[in-house]
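Worksheet: the structure to be examined is printed underneath.
The values are calculated or read from the model by the stated rules, or taken from the named source; none is laboratory data. Keep in mind that what you see is a predicted model, and the values were worked out from it rather than measured. Cβ atoms come from the backbone with ideal geometry, glycine included; neighbour counts cover every protein chain shown. All accessible areas refer to the heavy atoms of the entire protein, side chains included, with ligands and DNA or RNA removed. Shrake-Rupley method; radii C 1.70, N 1.55, O 1.52, S 1.80 Å.
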Amino acid sequence: VTIEQAADWWLGNLEGPWFQALESAIEQEWGTRPLRIREGGSIPSIPFLEKTFGCPALHLPLGQSTDQAHLANERISLNNLLKGKAVLERFFLSVASVEQDE
């Protein structure tokens with residue numbers, strides 16, 4: 001086996017204010033605290049973006065394990081898509097109000 005390319009792995013800061021705001025928005029929208037599952041950490045663009053822009057990144061998956069991500073017949077539930085949109089709305093409103101208060 002020859003490794004021809006490698007990328008940094010990523011692990012978000014679970015105690016940071018951005019993550020906390022996103023987690024709160026998820027809980028408000030879905031009515032339950034989200035599970036913290038380490039999945040998707042091999043996405044090489046996330047650490048690249050953090051380093052390039054000098055700010056923390058967040059990863060908000062909208063799919064389910066049964067969505068067949070990156071395979072033929074990949075799908076996403078319309079409910080997950082609409083709830084994901086609502087989560088982002090809540091998150092941006094929350095972050096905007098915190099920024100104005102400071």
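Looking at the chain, the trypsin sites (Lys or Arg not before Pro) that sit in a DSSP loop and have at most 14 other Cβ atoms within 10 Å of their own Cβ are 36, 38, 75.
One decimal place: the segment residue 58-residue 45 gains 3.5 nm when fully extended, by the rule 0.36 nm per residue minus the C-alpha distance. Cut-off 10 angstrom, C-alpha nodes, Gaussian network model of the chain. Which of 74, 50, 27 fluctuates the most? Residue with maximal mean-square fluctuation among 74, 50, 27: 74. Since only 95, 49, 59 are under comparison, the one whose Cα sits farthest along the positive direction of the charge dipole of the chain, derived from C-beta charges on Lys, Arg, Asp and Glu, is 59. Applying the Karplus relation 6.51 cos²θ - 1.76 cosθ + 1.60 with θ = phi - 60° to the range 60-69 yields 3J(HN,Hα) values of 10, x, 10, x, 10, 5, 8, 7, 6, 3 Hz, where x marks Gly and Pro. Within the accessible surface of the range 54-102, defined with a 1.4 Å probe on protein heavy atoms only, the carbon and sulfur portion equals 58 percent.
Over the chain, DSSP H runs of length four or greater, each weighted -39,500 (n - 2.57), average out per residue to a 222 nm ellipticity of -15000 deg cm²/dmol.
If only the Cβ of Lys and Arg carry +1 and only the Cβ of Asp and Glu carry -1, the dipole of the chain around its Cα centre is close to 300 debye. Defining a contact as two alpha carbons under 8 Å apart and six or more residues distant in sequence, what relative contact order in percent does the range 1-53 show? Relative contact order, the range 1-53: 46 percent.
The equivalent ellipsoid that matches the C-alpha gyration tensor of the range 42-95 spans semi-axes of 24, 19, 6 angstrom, in descending order. An oblate overall shape is assigned to the chain, the ratio a/c of its alpha-carbon gyration tensor axes (a ≥ b ≥ c) being 1.5 or greater and a/b not exceeding b/c. Here the relative contact order of the chain, from alpha carbon pairs under 8 Å that lie six or more residues apart, stands at 32 percent.
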